[in-house]
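Comments concern the structure below.
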Ligand code: RP5
C-alpha cells in the first residue's frame, strides 16, 4: 500500500464515520495509521455482531497526552471495552490499561521493523505488572480481540 493509499484509507476510516453503529461500546485504538488495515478487521467483526464502536489512531509514544485523555474518559463516555493494537515496542495497550479500569484487549502487530517476527510486540503487551491487566490475543489477530470484546459484553 502506498503512502497516499494509506492516507486516503485513514481519512476514510477516521473522519466522523469513525463512530460506527450508534453510541460506541468498544473503542479500537492503534499506535499508527500503518496499523489500520489490520485493526479494521476487528471493526468488521464488531459490525457483524452489531456492536457499535469507534476507531482512532493514537500513539503511546508520539501522543501520550491523547492516549491518557481518551482512556481516562472512556468509561464516562459509555465505552465498555478498549481494543488496542500496536507493534514494535508496543506500549499502547499497557498505557491504556494504566489510565482506565475498563477491560483492555491488546493486539500485537508485526511490521517490517519487527524483531523476532513480532515477538517484540507480543512480549511488550503480555508482560504487564500485576494489577494492570491486558488481555492479549495472538499476533496479527485483531479479529479475536473483537470476538473477546463481544463475549465480555455478554452478547
Ligand atoms: C508502532 O510502531 C505502531 O503500532 C506500528 O505498529 C509500528 C510502526 O509504526 P509506524 O512507523 O508505521 O508509524 O508504534
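Since every read-out is calculated from the coordinates, none of them should be taken as a lab result. Everything numeric here is computed off the predicted structure, so don't read it as measured data.
Quick notes
- Space enclosed by the convex hull of the alpha-carbon atoms of the range 46-127, per residue, Å³: 100 Å³
- The helix-based estimate of mean residue ellipticity at 222 nm for the chain, built from -39,500 (n - 2.57) per DSSP H run of four or more residues and divided by its residue count, is -12000 deg cm²/dmol to the nearest 500.
- Gyration tensor verdict on the range 30-72 (Cα atoms; rounded if a/c is under 1.5, prolate if a/b is larger than b/c, oblate otherwise): oblate
- GNM remark for the chain: springs join alpha carbons under 10 Å apart, and the peak mean-square fluctuation among 130, 64, 103 falls on 130.
- Overall form of the chain per C-alpha gyration tensor (a/c, 1.5; a/b vs b/c): rounded
- Choice from 34, 76, 59 with maximal GNM fluctuation in the chain (Cα, 10 Å cutoff): 76
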